[in-house]
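**Student:** One structure is given below, represented as structure tokens, and several questions about it will come after.
The values are calculated or read from the model by the stated rules, or taken from the named source; none is laboratory data. Just so we're clear, the structure is a prediction, and the values are computed from it rather than from any experiment. Cβ sites come from the backbone with ideal geometry, for glycine too, and all protein chains shown count toward neighbours. The protein model used for the area step is the full one, side chains on, heavy atoms only, and it has no ligands, DNA or RNA in it. Shrake-Rupley method; radii C 1.70, N 1.55, O 1.52, S 1.80 Å.
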2 protein chains.
Amino acid sequence: MRNLFLTLEYDGTNYHGFQIQPNAITIQGVLENAIKEIFKEDITVTGCSRTDAGVHAKKYVCSFFTECKIPCEKVPIALNTKLPYDIRAILCKEVDENFHARFDTVSKTYNYVINNREFDVFKRNYSWYVDAKLDVEKMNNAAKYFIGKHDFKSFMTGEKDNTEREVFSLDVEEKDGFINIFITADGYLYNMVRIITGTLKMVGEGKLNSEDIKHIIDAKDRTKAGVTAPPQGLYLYDVKY
Amino acid sequence: MRNLFLTLEYDGTNYHGFQIQPNAITIQGVLENAIKEIFKEDITVTGCSRTDAGVHAKKYVCSFFTECKIPCEKVPIALNTKLPYDIRAILCKEVDENFHARFDTVSKTYNYVINNREFDVFKRNYSWYVDAKLDVEKMNNAAKYFIGKHDFKSFMTGEKDNTEREVFSLDVEEKDGFINIFITADGYLYNMVRIITGTLKMVGEGKLNSEDIKHIIDAKDRTKAGVTAPPQGLYLYDVKY
């Protein structure tokens, strides 16, 4: 039995996220159908994370067990003959049978794209258009407060027992009117990146001060943080094991 | 009766072109419905050109007559509250009652985008992915043969009485692996830009020589020219009156 590690790139616009669910088209559902056609086996794929409807991936990692002998370098080419053009298989390699795409992650990096220039029909599914001019320096000052191990209860939707996560880096960069947020952490709570982004946006607008972030974290109260940024600006960017 | 000049930007991915037609969603159909909601009149819009299904516009010009007194600067704002996010009204001004959006054009510029880097899920609806490395210098040499007044019968689909057009400029530029073709002409035959692009691509691949363009034009025979490039790389870029 081989354990295959597979990376994907996908445009999440037309999908209800990664994870398979009834009555909805998902990346996992479409991928498993393509695998079934190529491998002639019923295979369940393990993904590195759920991603929400409309969220994209520049690098998504998943893995699956197979009896099939098809060489690794041929797997992406074969799968891409069956996958729609908004999902591409990029790289496949064989890994240890104990490898787990979700539990073995050391860090994941997300990229959030804010269009702070002018509304652009061609970017509407790929960024969050924010009309008010944002102060990137203030956003970067605020970003520093997120770095380190914290209880991120203020920055999540829903309930969870362990809400402590470690943010390794958080950078805000502006180029040609597009603001890119890059965040790397050991793990994420539900909607964490989108709520951090919505909070940083309010700092950029001057509705919050950079130093307010410390108090929002300490409050452990979702209502103290900013809005939840919409899904279409969010990209899973990198996954490390 | 006021004659209003209106510019639009649109992502053509989800539309069957500009021109209204039964049993299909078109830009004109959606625009006329939005105008009807705002202006409370049944209005027929005159567009500067048909554009095919999947073709985009960075600047599309249309015009329509109205009794409504709404100030020009308010028109785009009002229309944008009714239009879907893949169509945006940009600018409105009042013009002479004799102005005609199609017949009065002096020149139109199209931009064609070729992705010559690697397939990218986020660019799939906005460029033509060409795997073979294209020689941009050869394409530019070939482009020169199109400039001037010619019979472009070899570069059209269908039949038309007058197939003479004047190409004012044709440039091929490469940036970061994307090849941009810009063509400005007094008018276009059906599929003309897409067939010129497909022919230039064959020059870039080395399947045709630059000098072959002269013979292909002289042949007045569609079968001598290259393939028709797909619609998703094509943008109406500018219109001059």
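Condition check ((1) without any contact (Cβ under 8 Å) to a residue 40 or more places away in the chain; (2) among the hydroxyl-bearing types (Ser, Thr, Tyr); (3) surrounded by fewer than 18 Cβ atoms within 10 Å (Cβ to Cβ)) across all residues:
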site: A:Asp151; (1), (2), (3): no, no, yes
site: A:Ser154; (1), (2), (3): no, yes, no
site: A:Gly158; (1), (2), (3): yes, no, yes
site: A:Glu166; (1), (2), (3): yes, no, yes
site: A:Leu170; (1), (2), (3): yes, no, no
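**Student:** Next question, about the same structure. In the set B:Lys74, B:Lys58, which member is of a type in the set (Lys, Arg) and within 18 Å of B:Leu234 (Cβ to Cβ)?
**Tutor:** Residue meeting the stated conditions: B:Lys58.
**Student:** Can you name the condition, by its number, that B:Ala89 falls short on among (1) more than 15 Å from the chain's Cα centre (by Cα); (2) open to solvent by 10 Å² or more (accessible area, probe 1.4 Å)?
**Tutor:** Condition (2) is where B:Ala89 drops out.
**Student:** Further, regarding this structure: Report, by residue number, each residue of region A:153-162 that is in contact with a Ser or Thr (Cβ under 9 Å, 6 or more places away or on another chain) and more than 17 Å from A:Phe182 (Cβ to Cβ).
**Tutor:** Result: A:Lys153, A:Ser154, A:Met156, A:Thr157.
**Student:** Within region B:9-23, count every residue that is more than 9 Å from every other protein chain (Cβ to nearest Cβ) and buried (at least 22 other Cβ atoms within 10 Å of the Cβ).
**Tutor:** Qualifying residue count for the region: 3.
**Student:** Which of the residues spanning region B:82-136 are over 21 Å from A:Pro76 (Cα atoms), free of Cβ contacts under 8 Å to residues at least 12 places away in the same chain and either within 13 Å of chain A (Cβ to nearest Cβ) or acidic (Asp, Glu) (or both)?
**Tutor:** Result: B:Tyr85, single match.
**Student:** Scan (1) more than 14 Å from chain B (Cβ to nearest Cβ); (2) without any contact (Cβ under 8 Å) to a residue 60 or more places away in the chain; (3) open to solvent by less than 20 Å² (accessible area, probe 1.4 Å) for the single condition A:Ser63 breaks and write down its number.
**Tutor:** (2)
**Student:** Would you check which residues across region A:105-130 are open to solvent by 30 Å² or more (accessible area, probe 1.4 Å), at pLDDT 95 or above and out of contact with any strand residue (DSSP E or B) (no Cβ under 6 Å at 6 or more places or on another chain) and list them?
**Tutor:** Listed by number, the residues that qualify are A:Arg117, A:Arg124, A:Asn125.
**Student:** Does A:Thr223 meet the test of being hydroxyl-bearing (Ser, Thr, Tyr), closer than 23 Å to A:Asp11 by Cα and open to solvent by 30 Å² or more (accessible area, probe 1.4 Å)?
**Tutor:** Numbers: hydroxyl-bearing (Ser, Thr, Tyr): yes; closer than 23 Å to A:Asp11 by Cα: no; open to solvent by 30 Å² or more (accessible area, probe 1.4 Å): yes.
Here the answer is no, as A:Thr223 does not meet what is asked.
**Student:** Being hydrophobic (A, V, I, L, M, F, W, C) and under 25 Å from A:Ile181 (Cα atoms) is the filter here, so list the residues in region A:71-102 that pass it. Let's see the steps before the verdict.
**Tutor:** Our first condition is that a residue be hydrophobic (A, V, I, L, M, F, W, C); within region A:71-102, this holds for A:72, A:75, A:77-79, A:83, A:87, A:89-92, A:95, A:99, A:101.
Of everything in region A:71-102, those that are hydrophobic (A, V, I, L, M, F, W, C) and under 25 Å from A:Ile181 (Cα atoms) turn out to be A:Ile87, A:Ile90, A:Ala101.
**Student:** Of the residues that sit in region A:24-55 and are among the small types (Gly, Ala, Ser) and away from chain B (no Cβ under 14 Å), which one is surrounded by the most Cβ atoms within 10 Å (Cβ to Cβ)?
**Tutor:** Selected residue: A:Gly47.
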